[in-house]
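Report on the structure given below.
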Amino acid sequence: MNQLNNYGVSERFFTEATLYPEYQLARVIAQYRGKYKIVTEQGEMLAEISGKLRYDTEELAQYPAVGDCVMVDFKSSGILFDVRGIPEVTVDDADIALIQPGDFVLFRTGQMEEHPYGDPLYFENHPQLSHELVEVLTEKKIRFIGVDCPGIRQHSEHETADRFCEQHGIYIIENLKNLEQIHSQRFTMYTMWLEDEVMTGLRCKVIAECLE
């Protein structure tokens, strides 16, 4: 049985959802500040309002509420840049022209491969993205930046960089594994927020689907 049946989603919504094959049907089961807890056929997870809906909506009453059925999008186009051996990645280290609005941009620094997560050396002087590169990425209006290291900036600049990106509608996903298994530059990314009361950050599940 589909998980949504347990939450009272009727056949009418399943039928209407077939009109939007690029999205998935979900039901809102809780609401937090800036986030929603939803249930899909894969189970419970967190979601947020898309930037377009937030921009187009004039009244809070038009936002989804607990009990509403919504269509959600887990997918984005992914692009990977291999920047191993570069302490500070600049605009010259990535072909910026290849990046499209809405992309999930991955940087393979090799930090996770050289020092597994949990190793003290993993957190020491890890590679980072230059301020100029971060600003250019925000101008490209991408959705995510993913790195296989503790963050896009080091030490005290870590949180500041994350907040700067979030203000521009970009989320940073750190500590990614298995980037060496991605062998094509273009692929499809699936990103799902997961609720975890223990973690200090926002836990998520990230999957890259490579067709080549």
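The values are calculated or read from the model by the stated rules, or taken from the named source; none is laboratory data. Just so it is clear, the structure is predicted and the values come from calculations on it, not from any experiment. Don't worry about glycine lacking a Cβ; one is built from the backbone with ideal geometry, like all the others, and counts go over all protein chains shown.
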> Restricting the search to region 121-164, which residues are in contact with a helix residue (DSSP H, G or I) (Cβ under 7 Å, 6 or more places away or on another chain) and buried (at least 19 other Cβ atoms within 10 Å of the Cβ)?
Replying inline: His126, Pro127, Leu133, Val134, Ile145, Asp148, Cys149, Pro150, Gly151, Ile152, Arg153, Ala161
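Tell me which residues, restricted to region 7-52, are among the charged types (D, E, K, R) and either part of a loop (DSSP other than H, G, I, E, B) or in contact with a Pro (Cβ under 9 Å, 6 or more places away or on another chain) (or both). Even if it seems obvious, please write down each step before you answer.
So in region 7-52, the residues among the charged types (D, E, K, R) come out as 11-12, 16, 22, 27, 33, 35, 37, 41, 44, 48, 52.
Glu22, Arg33, Glu41, Glu48 - these are the residues of region 7-52 that are among the charged types (D, E, K, R) and either part of a loop (DSSP other than H, G, I, E, B) or in contact with a Pro (Cβ under 9 Å, 6 or more places away or on another chain) (or both).
Would you check which residues across region 120-173 are polar (S, T, N, Q), assigned to a loop (DSSP other than H, G, I, E, B) and either closer than 20 Å to Val83 by Cα or within 16 Å of the chain's Cα centre (by Cα) (or both) and list them? Steps first, answer last, please.
In the first step, residues of region 120-173 are kept if they are polar (S, T, N, Q); the result is 125, 128, 130, 138, 154, 156, 160, 167.
Restricting the remaining residues to those that are assigned to a loop (DSSP other than H, G, I, E, B) gives 125, 130, 154, 156.
Within region 120-173, Asn125, Ser130, Gln154 qualify.
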> Which condition breaks for Leu176 when tested against (1) under 16 Å from Phe74 (Cα atoms); (2) assigned to a loop (DSSP other than H, G, I, E, B); (3) touching a strand residue (DSSP E or B) at 6+ places or on another chain (Cβ under 7 Å); (4) in contact (Cβ under 8 Å) with a residue 60 or more places away in the chain?
Replying inline: (1)
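Just give me the residues in region 56-99 being charged (D, E, K, R), in a loop (DSSP other than H, G, I, E, B) and closer than 27 Å to Thr18 by Cα, in sequence order. Steps first, answer last, please.
To start, the set of residues in region 56-99 that are charged (D, E, K, R) comprises 56, 58-59, 68, 73, 75, 82, 84, 88, 92-93, 95.
The next check asks that each one be in a loop (DSSP other than H, G, I, E, B); those that pass are 58-59, 68, 73, 84, 95.
Scanning region 56-99 gives Asp68, Asp73.
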> Out of region 20-54, which residues are over 25 Å from Thr188 (Cβ atoms) and at pLDDT below 80?
Replying inline: Arg33, Gly34
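For every residue, the table says whether it meets (1) at pLDDT 95 or above; (2) in contact with a helix residue (DSSP H, G or I) (Cβ under 8 Å, 6 or more places away or on another chain); (3) more than 16 Å from Leu133 (Cβ to Cβ).
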site	(1), (2), (3)
Asp68	no, no, yes
Phe74	no, no, yes
Phe81	yes, yes, no
Ala94	yes, yes, no
Leu98	yes, no, no
Pro101	no, no, yes
Gly118	no, no, yes
> Within region 18-40, can you find the residues that are among the small types (Gly, Ala, Ser) and closer than 15 Å to Phe74 by Cα?
Replying inline: Ala26
>> Quick check on my filter: what residues within region 12-30 are of a type in the set (S, T, N, Q) and surrounded by fewer than 14 Cβ atoms within 10 Å (Cβ to Cβ)?
In response: Thr15, Thr18
